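Each remark here refers to the structure printed beneath this line.
The values are calculated or read from the model by the stated rules, or taken from the named source; none is laboratory data. All values reported here derive from a predicted model rather than from experimental measurement. Because the Cβ atoms are built from the backbone with ideal geometry, glycine has one as well, and the counts that use them run over all protein chains shown.
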Amino acid sequence: MTSPLPGHPHIAYQNHASGNALCIEGQPLAALAQAHGTPLFVYSKASMLEALAAYQRGFAGRKAQICYAMKANSSLGVLQVFAQAGCGFDIVSSGELARVMAAGAVASKVIFSGVGKTRAEMRHALGVGIGCFNVESTAELEVLNEVAGSMGLRAPISIRVNPNVDPKTHPYISTGLKGNKFGIAHEETLATYQRAASLPGLRVVGIDCHIGSQITEETPYLDAMDRVLDLVDAIEATGITLHHIDFGGGLGINYQDDTPPAADALWHKLLAKLDARGYGQRQLMVEPGRSLVGNAGVCVTEVLYLKPGEQKNFAIIDAAMNDLPRPAMYQAFHHIVPLAPRADATTLMDVVGPVCESGDWIGRDRDLAVQPGDLLAVLSAGAYCMSMASNYNSRGRPAEVLVDGAEAYVIRARETIADQLRNESLVG
């Protein structure tokens, strides 16, 4: 018998010789934990490709390029999945550019976003021939023109517009409001495009808008599209041609009773608006991240101790805020489930890590029946977990495994203390 978890079609409880066991693409997670240790990130390739297929269905028959926003999960094995599926990439650093090129990316399908690109990063990106820079300030525009000119090149650019649209998400991941650091203010966009068109080291190719992350409603997208298309009308009326329109990413996933629209359904509505405005056959760009990888991954962790208390009961696990930063950073919710469910009565407890911070919690007030030595899976851990992991408390970062049907590939070895000390030295 197979019982898929809601929102996780490739993660399911299945009957095995040892009993009911949580599996990913049919492979018992407990066996992977035994082979590779814990904490352990495990990803389903089928889940990633299924999520990508929703975007591909949504854009069927259109001129569109899907660029994976690799900040969500930048592991080489994950990048390789999307490169082989024909995706481009949205990057925000020279390090990310090096990663996607190592994973087999086509440079002309790479978009460079971010508010703080350095001259060295600009030179690196120009040297490999990326498709476009998403410029986020007038100061960056001038520096990029200077750098490109010094190389005898013209940098392809779009300008990221800040449309002042509320994405209705956590304030730390909202990027399209006036108070955010991202993009050019809507009111300043036309003048910025006219300046860009006058600079010899730049080649205007598009317009970009990205309003935030973990967006679970369609209205912010529709509102932002209207504002961007108004700008396209105004910009092209001055004689500047925009070859593509980039609507960013940010579509959310279901962490806890969230109801984001399906990618294909969302783009059906957005494309209808584009058609009505006369831009339906324009080259489109989108940059999904979380929605492609978030629910493809789990973090497997061992219960170390149970600690009852007067006000709180604690399950202390071997995964911590350095492995799974989202709860500490965003007060984020992740479902936590046992790999082998017990028939015992449950206890209300906080699931916490061993790091010396009160903020080191993974889940609060969870009903669990667990004992020391039991294994748990933290769900929806494919995005903004390993990519944000750190060595706080000198903890090595976990191993990562990519499951592809009957195969399980180690795509990152567990980090050792020797790895951490390699680039350090004593004084004298």
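Listing for the model above:
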| read-out | value |
| --- | --- |
| Residues within segment 340-353 that are surrounded by fewer than 16 Cβ atoms within 10 Å (Cβ to Cβ) and of a type outside the set (Lys, Arg), tallied | 6 |
| Selected residue (criterion: nearest to His10 (Cα to Cα)) from residues of segment 293-335 that are of a type in the set (S, T, N, Q) and out of contact with any His (no Cβ under 7 Å at 6 or more places or on another chain) | Thr301 |
| Neighbours by Cβ (under 6 Å, 6+ apart or cross-chain): first from segment 52-65, assigned to a helix (DSSP H, G or I); second of a type outside the set (Gly, Ala, Ser) | Leu52/Leu292; Ala54/Asp264; Tyr55/Ile66; Arg57/Asp264; Gly58/Asp264; Gly58/Trp267 |
| All strands (runs of 3 or more DSSP E) inside segment 246-327 with 3 or more residues being modelled with pLDDT of 90 or more, within 26 Å of the chain's Cα centre (by Cα) and assigned by TED's automatic domain parsing to the domain that holds Thr347 | 297-307 |
| Residue within segment 404-423 that is closer than 19 Å to Val351 by Cα and among the basic types (Lys, Arg) present | no |
| Residues (assigned to a strand (DSSP E or B) and touching a residue at least 60 places away in the same chain (Cβ under 8 Å)) located in segment 331-346 | Val337, Pro338 |
| Matching residues in segment 348-382 - criterion: being in contact (Cβ under 8 Å) with a residue 40 or more places away in the chain and more than 30 Å from the chain's Cα centre (by Cα) | Val370, Gln371, Pro372, Gly373 |
| Filter result for Ser291 (within 23 Å of Ala383 (Cα to Cα) and among the hydroxyl-bearing types (Ser, Thr, Tyr)) | yes |
| Any pair with Cβ under 6 angstrom, 6 or more apart, that starts in segment 126-149 at a residue that is closer than 14 Å to Ser94 by Cα and outside the structural domain of Glu188 (by TED's automatic domain parsing) and ends at one that is part of a helix (DSSP H, G or I) and of a type in the set (S, T, N, Q) | none |
| Sole residue being among the β-branched types (Val, Ile, Thr), modelled with pLDDT of 95 or more, in a helix (DSSP H, G or I) and closer than 21 Å to Tyr384 by Cα, chosen from Val100, Val42 | Val100 |
| Test: residue in segment 86-107 that is touching a residue at least 40 places away in the same chain (Cβ under 8 Å), within 15 Å of the chain's Cα centre (by Cα), surrounded by 19 or more Cβ atoms within 10 Å (Cβ to Cβ) and at negative phi | yes |
